[in-house]
Each structure stands twice: as C-alpha cells, then as structure tokens.
Amino acid sequence: MAFDGVRRGMAVAAALTVAACVAAGCNGHSSRAKPQSGSGGQGKPPSGVSKTWGAPVLSDDFGGTQLDMSKWQVYQAPDASSHRGVAAGTHISDGHLMLVGGLYGGEDQGAGVISRLSQTYGRWEARMRSDPGAGYSATAFLWPVHMGDPEFAEIDFAEILGADRHSGGVFIHHGRDDQQVQRDLNADFTKWHTVAVDWLPDHVTFWTDGKKTWTYKGSFIPKQAMMQLYLRNEMRAGFHRTSKTPQKITMQVDWIRVYRAPAASR
C-alpha cells in the first residue's frame with residue numbers, strides 16, 4: 001500500500017477527535033442490505049498461541065448492540081484530504097463489527113476503529129471479511145500513538161487492495177521517507193479469513209489462517225514505537241469508485257485478540 005506519509009498521518013491525527021458513541025451510530029444500522037451471512041466465528045486462534053503468548057491483553061468478540069468504548073475509539077476524519085472517514089459508518093450487528101464505507105451526503109467516506117491499547121511488541125489477530133467494490137480497501141494495521149516520535153513506522157498485516165477483495169499485501173514501513181518492504185497476500189476476502197502478526201525485536205512474522213506467510217528480519221523492524229491496532233474500511237487518494245461500486249461497502253470483523261510479547265523476548 002501507499003503509506004501516504006504526511007497525508008495519512010494528518011487524517012489519523014484528525015480522527016483522534018473521537019465521536020461519542022451516540023454520534024458514531026454504534027447501535028445503528030447500515031443502509032445497505034446485510035452482508036454475507038455465515039459464522040465468522042468458525043476461525044478460532046491457533047491452538048498453540050496461548051502457550052506461547054499467554055492470555056490476551058485485549059479481546060473483543062463484538063457481542064451486544066454497541067461498540068465497547070472502553071476498548072475502542074471511532075475513526076472520524078470527514079474533511080481530510082486523504083483517508084476520510086465518518087463515525088456513522090461504525091456499528092455492531094449480529095456479533096460483528098461493521099465498518100460501512102460509501103457515500104455519505106454524496107461524499108465517499110471510510111469507517112474504522114482504533115484500539116485504546118497501545119504497546120511495543122506483541123501479537124495481533126483479527127478475523128475479517130469485506131464486500132467487494134472499487135475505491136476501498138479492507139485493512140488491519142499497527143500505527144504509532146505519535147508518528148515520528150520516537151520513530152516513523154507502520155505494520156500492515158492485512159491490506160486488501162483489489163476491488164474484488166482477492167488481492168493485497170502485508171507491509172512494513174520505515175523512516176521519514178517511507179521506505180517499505182512487502183509481500184503479496186492473495187485470498188478471497190469476501191469470505192472470512194484470520195490474519196495475524198507477531199512483532200518482536202528481531203523479527204516480524206505474518207500469518208493467514210494459521211499459516212506463516214512471511215518472516216522479516218531486516219532493519220525496518222520498529223524498535224521503539226507504541227502501536228495501536230487500526231481496523232479500517234479505507235478510502236484514500238488514488239482510490240476511485242466506478243459505476244459498479246455499491247453506494248455502501250461493508251467490512252466485517254468477527255473478533256480480535258492482542259497479546260503482550262513474552263518478557264524474555266522484549
């Protein structure tokens with residue numbers, strides 16, 4: 001993906017003026033018909049995870065009728081030049097986090113949430129899917145609490161860029177000039193998949209459906225940043241809807257887990 005450097009950073013900063021849950025429509029309904037049915041919960045964390053990482057420090061199955069605001073902030077940057085987003089696109093339905101991007105007041109807007117938990121090193125997991133549609137990408141990534149202080153860094157462990165949601169990548173961004181390394185991620189994300197990343201001082205490992213897809217051991221590994229989890233149905237500069245793009249496009253998240261890094265590895 002394009003890190004978009006300053007532009008994405010400005011959008012994130014604007015989004016941290018977080019809407020209250022009522023304004024977010026956390027118990028509202030999408031104006032689009034309900035997305036693909038079926039149990040997203042069939043994909044559970046790999047059996048060996050708890051032995052390696054211990055109990056999760058953040059866990060959410062998105063039950064109930066409202067987003068748990070003690071765990072999340074709602075992304076909101078409706079007037080940003082890139083990576084726009086509105087709080088109205090975020091709500092809970094049928095045990096899923098619903099991130100509904102599309103036309104709001106005639107303008108394309110994304111939707112997303114940001115974890116209140118931040119940490120250096122650990123493991124992050126999410127089970128997700130997305131409707132197809134040009135102009136949007138389904139993303140799960142780690143972003144610093146303060147970009148550039150003490151370092152410029154980003155880890156994208158799912159960035160599903162293809163309009164058909166069959167292709168994307170995993171990325172590590174580094175430095176003020178946004179150097180990056182990446183690997184392709186090819187799967188049908190209109191169906192449910194579990195994505196994960198292990199971030200440790202000497203390596204970053206990416207996983208899809210319990211299978212290791214890439215381990216990176218180079219100099220771009222973040223060393224100091226406190227990272228938050230972002231889940232975003234994202235539209236940004238360079239992404240454009242077509243005549244076939246629905247008015248509303250929904251990204252769903254069934255559950256997330258976040259673990260601290262084992263003390264011996266920090």
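The values are calculated or read from the model by the stated rules, or taken from the named source; none is laboratory data. Keep in mind that what you see is a predicted model, and the values were worked out from it rather than measured. All Cβ positions, glycine included, derive from the backbone under ideal geometry; neighbour counts span all protein chains shown.
Some points to look at:
- Contact map, the range 181-197: residues that are over 15 Å from Asp156 (Cα atoms) paired with residues that are assigned to a strand (DSSP E or B) and basic (Lys, Arg), Cβ distance under 8 Å, separation 6+ or inter-chain. Pairs shown: Phe189/Arg129; Thr190/Arg129; Lys191/Arg129; Trp192/Arg127; Trp192/Arg129; His193/Arg127; His193/Arg129.
- Counted residues, the range 200-244 - those being over 24 Å from Gly162 (Cα atoms), touching a helix residue (DSSP H, G or I) at 6+ places or on another chain (Cβ under 9 Å) and in a loop (DSSP other than H, G, I, E, B): 2
- Taking the range 92-166 and the strands (runs of 3 or more DSSP E) fully enclosed by it, the elements with 1 or more residues that are touching a helix residue (DSSP H, G or I) at 6+ places or on another chain (Cβ under 9 Å) and closer than 13 Å to Ala225 by Cβ are at 122-130, 137-144, 153-160.
- Residue check, Glu159 among the acidic types (Asp, Glu) and either surrounded by fewer than 17 Cβ atoms within 10 Å (Cβ to Cβ) or under 23 Å from Ser265 (Cα atoms) (or both): no
- Close pairs from the range 65-85: first within 17 Å of Gln228 (Cα to Cα), partner part of a loop (DSSP other than H, G, I, E, B) and modelled with pLDDT of 95 or more, Cβ under 8 Å, at least 6 apart: Val74/Leu67; Gln76/Val86
- Candidate set: the range 78-92, residues that are farther than 19 Å from Arg257 by Cα and surrounded by fewer than 24 Cβ atoms within 10 Å (Cβ to Cβ); chosen: the one modelled with the highest pLDDT: Ala88
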